[in-house]
Amino acid sequence: MCVGLLVRFDSQEKFTWPESQKSEVLKAFDYRAGRRIQQIMRDVRGHELTRLRWLSDTLRKQLLVRFATDEGFLKRQAASKANRASTKGGCLHTGGSATLPKTRARMTRSLDREPTDAEVFRQTHTRKRERTIVEKCAEDLLVCF
């Protein structure tokens, strides 16, 4: 079964923007369209029929069958469910979307020297408000440094 969704369309027929901003506009559109499609799929899986009046019953049933039988989806769903049920207290690090090299570069600028591995580890594994280490495992590793 092949379910196709139109993600991007040539919106320049109705809207105009400077050529220098084209990549930013398309990037923003792709992001918003991707988020919208994710929400639509959540609604289909959650049987939110009131929000999906435009979706035909045939297509909705095909999607539900796919969600119930697709091995890749079921594997990701199980892993996500296990992660949400984890008792570890959330993420193993607190760096957010910043990569380790970016965090290290930011620390280098603020310290006026190259940070040690222990300093970088402590920075990325400490809760900002409480100033506590995110979990026991990270605390044990800090002792090793």
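Each value in this text was obtained by applying a stated rule to the coordinates, not by laboratory testing. The structure presented is a predicted model; accordingly, all values stated were derived computationally and were not measured. We place every Cβ from the backbone using ideal geometry, glycine too, and count neighbours over all the protein chains shown.
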Item to check | Extension gain (nm, one decimal) between E24 and R66, 0.36 nm per residue minus Cα-Cα | outcome: 11.7 nm
Item to check | FRET efficiency estimate (nearest 0.05) - Cβ-Cβ, A85 to A33, R0 41 angstrom | outcome: 0.85
Checklist entry - Kirkwood hydrodynamic radius for the range 100-144: how many Å is it when counted over pairs of different Cα atoms? => result 11.1
Item to check | Rounded to whole Hz, the Karplus (6.51, -1.76, 1.60) HN-Hα couplings of the range 22-31, x for glycine and proline | outcome: 4, 5, 5, 5, 5, 5, 5, 5, 4, 4
